[in-house]
Each structure stands twice: as C-alpha cells, then as structure tokens.
1. Against the conditions (1) touching a helix residue (DSSP H, G or I) at 6+ places or on another chain (Cβ under 8 Å); (2) open to solvent by less than 50 Å² (accessible area, probe 1.4 Å); (3) of a type outside the set (S, T, N, Q), where does TRP54 fall short? Just the number, please.
2. Working only within the stretch 30-64, note down all residues that are over 20 Å from GLN4 (Cβ atoms) and in contact (Cβ under 8 Å) with a residue 12 or more places away in the chain.
Amino acid sequence: MPAQFMTAKELAVHLNMSLPWVYREAARSGLTPYKFGTGRNAKIQFKVSEVQAWIGQQKILSAA
C-alpha cells in the first residue's frame, strides 16, 4: 500500500497554521517535506503518518 501524503496547503489547514509557516518552519520543526517533480512544477508534500506522529510528540512544558 503506497504511503499517503498531504499537500502543504492541506497540512496548513490540518495544523491550523498559515501556508507560509508550513514552507518556512515545518522542516525546522521536525516535519519532513517530500518534493515531487522539478522546477516550478515541484510539489511539496508530507506523509500523513509522520504528521500524526509529530503531532503526538508536541508537548507544552509547564514552568513549575
């Protein structure tokens, strides 16, 4: 079964973040982008399973 991917726009909606945030910060935050195609027609997508795992790892640290 092939891996399922979501587009950068779908990821932005899923995370309730802006599309520029996805392009600028997602990789820095630990989300691995996959590039399909070349040049201006290239599409950046993210594996759904990796996005779900990343969401599960996000924690809010309380200042005790």
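The values are calculated or read from the model by the stated rules, or taken from the named source; none is laboratory data. No experiment lies behind these values; they were computed from the predicted model shown. When we count neighbours, we look across all protein chains shown, and the Cβ atoms used for this are built from the backbone with ideal geometry, even at glycine. Quick note on the areas: whole protein, heavy atoms, side chains included, nothing else; ligands and nucleic acids left out. Shrake-Rupley method; radii C 1.70, N 1.55, O 1.52, S 1.80 Å.
1. (1)
2. Within the stretch 30-64, no residue meets the criteria.
This table checks each residue for (1) part of a helix (DSSP H, G or I); (2) among the small types (Gly, Ala, Ser); (3) in contact with a strand residue (DSSP E or B) (Cβ under 6 Å, 6 or more places away or on another chain); (4) open to solvent by 100 Å² or more (accessible area, probe 1.4 Å).
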{"site": "MET6", "(1), (2), (3), (4)": "no, no, yes, no"}
{"site": "ALA12", "(1), (2), (3), (4)": "yes, yes, no, no"}
{"site": "MET17", "(1), (2), (3), (4)": "no, no, no, no"}
{"site": "TRP21", "(1), (2), (3), (4)": "yes, no, no, no"}
{"site": "THR32", "(1), (2), (3), (4)": "no, no, no, no"}
{"site": "PHE46", "(1), (2), (3), (4)": "no, no, yes, no"}
{"site": "SER49", "(1), (2), (3), (4)": "yes, yes, no, no"}
